[in-house]
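The values are calculated or read from the model by the stated rules, or taken from the named source; none is laboratory data. Here the structure is a predicted model, which means the values were calculated and not measured. Backbone-built Cβ (ideal geometry, glycine too); neighbour counts: all protein chains shown.
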Amino acid sequence: MVSKKSRHRDPLVIRTPEGLYCPKAQAHIDPWRSVDCALITHAHADHARAGSKDYHCALGGEGLLKQRLGDQQITPHAYGDSFTRGDVQISFHPAGHVLGSAQIRLDDGDSVWVITGDYKRDPDPTCKAFEPVPCDVLITEATFALPIYRWPSMDQTMDQLFAWWDHHVRHQRTPVLLCYSLGKAQRMMAEIQRRSDRSVKVHGAVATLNRLYEQQGIDLCPWERASETNRGVSSDLVRLDASPWRSAARINSSRVRGKRSCRLEWSHQDSSGQPSNPGVRHTWRNASVNTVSQRTPRHCSRPFGNRFWN
Ligand SMILES: [Zn+2]
């Protein structure tokens with residue numbers, strides 16, 4: 001989206017083989033390859049990649065970035081604070097997507113450009129709410145911008161989750177929920193915490209990130225690593241990383257093997273806009289009501305499906 005004011009100026013941000021680039025600041029935004037200066041919107045793997053010299057991110061997200069990228073030079077900035085590179089003032093603004101997620105604002109004095117990164121406008125207890133940032137040019141993510149996408153409210157989702165959970169505990173089955181380890185898992189745990197005193201067991205990948213969330217003061221429901229619990233049917237929800245190409249292996253290697261369990265995938269995605277059409281719904285897909293299979297679940301064959309990615 002481009003305002004009349006900036007239509008005839010040189011673009012402040014251009015596309016390069018490394019990704020979006022601001023020549024005046026000599027900085028890339030969420031670069032795909034190694035660069036000198038990387039401005040990172042958030043720590044998801046499709047936005048943050050290792051190998052650059054210098055990283056800048058929003059304050060609160062640096063722990064997740066270190067966890068994902070390893071030992072890198074990372075400078076965090078408080079939301080709204082600006083710093084200068086070349087002729088450009090740069091600042092990070094809340095995107096409401098995951099802990100530390102940010103829109104990036106670039107201002108060269110002539111025009112203001114904003115790159116949203118992933119964002120959502122729904123409430124989320126695990127991160128700061130999305131803030132609209134006035135600008136001349138908006139570069140927006142649009143993963144779920146099609147009007148076919150429509151998500152139910154979090155209250156509806158949680159009612160469904162608890163009903164499903166209780167049903168399978170009543171039938172002596174361990175409920176196993178698949179959801180992405182960074183962001184989605186913690187959001188679910190925070191929503192559980194707000195509504196109940198239930199506890200969950202989590203995969204190690206989720207446990208590591210949970211600690212980083214808790215260090216930032218985010219309240220999650222009581223949890224422990226699934227690998228540290230006794231075998232047998234559990235009345236706690238077991239939460240696994242939902243990376244589609246690894247889920248089967250993780251299920252099979254986890255302590256839930258040998259338990260009677262019921263697996264469910266959480267396919268709710270954060271979108272860039274409001275839900276709009278009941279045709280495609282966020283659903284609790286009851287993928288199996290029997291013991292977790294040794295075979296790759298059918299849903300795991302989706303290569304980098306967006307259902308799991310953010
Ligand atoms: Zn993301």
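From the list TYR21, TYR79, the one residue that fits, being away from the ligand (no atom under 16 Å from the Cβ), aromatic (Phe, Trp, Tyr) and farther than 15 Å from GLY117 by Cβ, is TYR21. Across the stretch 160-216, the number of residues qualifying as outside any helix (DSSP H, G or I) and under 15 Å from ASP124 (Cα atoms) comes to 3. GLN160 passes every criterion in (1) touching a helix residue (DSSP H, G or I) at 6+ places or on another chain (Cβ under 9 Å); (2) not assigned by TED's automatic domain parsing to the domain that holds ALA43 apart from (1).
If you go through the stretch 15-27 and pick out every residue that is in contact (Cβ under 8 Å) with a residue 24 or more places away in the chain and either outside any loop (DSSP other than H, G, I, E, B) or surrounded by fewer than 19 Cβ atoms within 10 Å (Cβ to Cβ) (or both), you end up with 5. If you check ALA249 against the conditions, is it modelled with pLDDT under 50, more than 21 Å from the chain's Cα centre (by Cα) and either in the same structural domain as ALA129 (by TED's automatic domain parsing) or not basic (Lys, Arg) (or both)? So ALA249 passes the test.
Taken over the stretch 118-157, the criterion of being of a type in the set (S, T, N, Q) and without any contact (Cβ under 8 Å) to a residue 12 or more places away in the chain is satisfied by SER153, GLN156. If you go through the stretch 76-117 and keep only what is in contact (Cβ under 8 Å) with a residue 24 or more places away in the chain and surrounded by fewer than 16 Cβ atoms within 10 Å (Cβ to Cβ), you end up with SER82, PHE83, GLY86, ASP87, ASP110.
Among the residues making up the stretch 208-225, a single one is of a type in the set (D, E, K, R) and in contact with a Ser or Thr (Cβ under 8 Å, 6 or more places away or on another chain): GLU224. Of all the residues in the stretch 30-49, those that are part of a loop (DSSP other than H, G, I, E, B) and either under 13 Å from the mean Cα position of the chain (by Cα) or crowded, with 24+ Cβ neighbours inside 10 Å (or both) number 10. Hey, among the residues in the stretch 50-86 that are among the polar types (S, T, N, Q) and part of a strand (DSSP E or B), which one's farthest from TYR213 (Cα to Cα)? Residue satisfying both the conditions and the ranking: THR84.
Could you list, in sequence order, all residues of the stretch 50-68 that are surrounded by fewer than 20 Cβ atoms within 10 Å (Cβ to Cβ) and free of Cβ contacts under 8 Å to residues at least 40 places away in the same chain? Across the stretch 50-68, the qualifying residues are ALA50, GLY51, LYS53, ASP54, LYS66.
Just give me the residues in the stretch 176-217 being surrounded by 23 or more Cβ atoms within 10 Å (Cβ to Cβ) and more than 24 Å from SER101 (Cβ to Cβ), in sequence order. Those that are surrounded by 23 or more Cβ atoms within 10 Å (Cβ to Cβ) and more than 24 Å from SER101 (Cβ to Cβ): VAL176, LYS201.
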